[in-house]
1. Going by what's in this entry, would A:ALA92 be described as small (Gly, Ala, Ser) and part of a loop (DSSP other than H, G, I, E, B)?
2. Of the residues that sit in the range A:22-44 and are over 18 Å from A:THR166 (Cβ atoms) and surrounded by fewer than 13 Cβ atoms within 10 Å (Cβ to Cβ), which one is farthest from the other protein chains (Cβ to nearest Cβ)?
3. If B:ALA98 passes every condition in (1) modelled with pLDDT of 90 or more; (2) within 9 Å of chain A (Cβ to nearest Cβ); (3) under 30 Å from A:ARG55 (Cβ atoms) but one, which one does it miss?
4. Take the residues in the range A:184-229 that are within 13 Å of another protein chain (Cβ to nearest Cβ) and part of a loop (DSSP other than H, G, I, E, B), then tell me which one is surrounded by the fewest Cβ atoms within 10 Å (Cβ to Cβ).
5. Restricting attention to the range B:35-61, report how many residues are under 15 Å from the mean Cα position of the chain (by Cα) and closer than 20 Å to B:ARG105 by Cα.
6. Residue check, A:GLN143 against (1) buried (at least 24 other Cβ atoms within 10 Å of the Cβ); (2) touching a residue at least 60 places away in the same chain (Cβ under 8 Å), all met but one. Which one?
7. With the structure loaded, tell me whether A:HIS107 is in a helix (DSSP H, G or I), more than 17 Å from B:ILE76 (Cβ to Cβ) and either at pLDDT below 90 or of a type in the set (A, V, I, L, M, F, W, C) (or both) or whether it fails that test.
Amino acid sequence: MEHTPPPLFRTGPTPLARLMIFSMLSVVLLIADARFNYLTFLRQVTAVIVYPLQRLAAAPAAIGGHISDFFVTHSSLRNDNQRLSQQNLELARETQQTRALQLENTHLRGLLAAREKLAVPATAAEILYAARDPFARKVMIDQGLQRDIEAGRPVVDHVGVIGQVTRVYPWLSEVTLITDKGHLVPVMNVRTGLRAVLAGTGDDGKLELRFIPLAADFQNGDRLVTSGIDGVYPPGLPVAEVTNVERNTAYLFANITCKPVAGVNNHAQVLVLGPMPATPERPEETKEVTPQKKRKKS
Amino acid sequence: MSGPSMTPQELLLPVRPGFIFVTLVAALLANLLSWSGWMAWLVPDFVALLVLYWCIHEPRKIGFLAAWLLGLLMDIADGSLFGEHALAYIILAYAGMALHRRVQRFSMAPQILHVIPLLLFTDCVVLLVRALAGADFPGYAYFLGSFAGAALWPPLTHLLKLPQRPRPDPDRV
């Protein structure tokens, strides 16, 4: 079959015409995706096609992990065991304290008639791979629509926030890391209680606080936790630590860089937190009442 | 007619479409492997490299549709804009097809000199699309992958031509 002469007279549109057709198609897709977000269904279908490949590509790392797990030496296991039991004891003590504090807290909140903070449910997931997109900081995790994961869910590891779910596919989800350029987290300084907005820089391990007045009280080593006012991240999760504060009077705002506390670049297990309890709706803006005097003047 | 940079063309067996398909899937798989640190910048876009290779060596066997679909799959896997890689790959495929007679006649070193600008141009298309969508320039390390890809061109050519080399004739003494 391969030895038949090539169909010389039946070649279809010229390459240039094909280039034009497919370029137009791509541009239409690009605009539909970037401007209007029309392509969710098409994305889902394509995602199902790529899924086996994605799992297959993640296999070597997993197998490597299993092999290195198998060859753990006896002494390192014993060391680990000792360290973990010690940690366990410390954590147990802390848990007991927390429990007592929680009881006290609910009691006090009851007295104040304040709404109780709900514990949010969580889904465990594993990071499959980091997307090879140099323009963004994203990772893929191995839980998706099948576990009712939705876009906007916060993702944390055992230390702190690593990002939020931005796209959900049938068995996978895409997590935008807090280091992604354009990702914002509303935070609070634990030491002073000052609220601020923490922005990613697109640089691994570097975050910056935006629009902080020069006189604001921020120091190196300050710990920042989520403030919870955005309705995305529950309050009180550790996010970052201030590493450098630069105050230059030539600028309006202080230049504050931070580094994330969670292992943002590590491949590890993560938790996808459940939806936040709905925040109360914004009150409707009342129409400005123009004072009578002004009207008379004009 | 034959200058110093030209090589005599080999007689090769026709390539099987199944083989092209397998190599493209393998390239997609290689792209999905998770690289970290400096490797992530150095690793070339294997799919772009393979699309270019097949467009130059077998322009009748691979079409625009294949390049375009591969681009869409890459967009999903990367979580980038839908159509970004698709656009880049079809432009690359067109360039490969337009230049295939010329590139095939050259020996390895000048071939690499053809491959580098083509891969860089593909990078620029992606960069342009992302810039229009509001992303920042990611730094010059972004272009390293294209040079790494061009460096892989000779071993890749050798490897992919292996199944096409005719077997030694047992009757010949």
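The values are calculated or read from the model by the stated rules, or taken from the named source; none is laboratory data. None of these values were measured; they are calculated from a predicted model. Heads up, the Cβs are rebuilt from the backbone with ideal geometry, glycines too, and the neighbour counts pull from every protein chain shown.
1. Against the criterion (small (Gly, Ala, Ser) and part of a loop (DSSP other than H, G, I, E, B)), A:ALA92 does not qualify.
2. Ranking the qualifying residues of the range A:22-44, first place goes to A:MET24.
3. B:ALA98 satisfies every listed condition except (3).
4. Start the filter on the range A:184-229 by keeping residues that are within 13 Å of another protein chain (Cβ to nearest Cβ), which leaves A:199-205.
Now drop any that are not part of a loop (DSSP other than H, G, I, E, B), which leaves A:201-205.
Working: A:THR201: 18, A:GLY202: 19, A:ASP203: 14, A:ASP204: 15, A:GLY205: 12.
Here the residue is A:GLY205.
5. Qualifying residue count, the range B:35-61: 12.
6. For A:GLN143, the exception is condition (1).
7. Yes: the conditions hold for A:HIS107.
Yes or no, residue by residue, for (1) more than 11 Å from chain A (Cβ to nearest Cβ); (2) free of Cβ contacts under 8 Å to residues at least 60 places away in the same chain; (3) in contact with a Lys or Arg (Cβ under 7 Å, 6 or more places away or on another chain):
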| site | (1), (2), (3) |
| --- | --- |
| B:PRO14 | no, no, no |
| B:ILE20 | yes, yes, yes |
| B:LEU33 | no, yes, no |
| B:VAL43 | no, no, no |
| B:VAL51 | yes, yes, no |
| B:ILE62 | yes, yes, no |
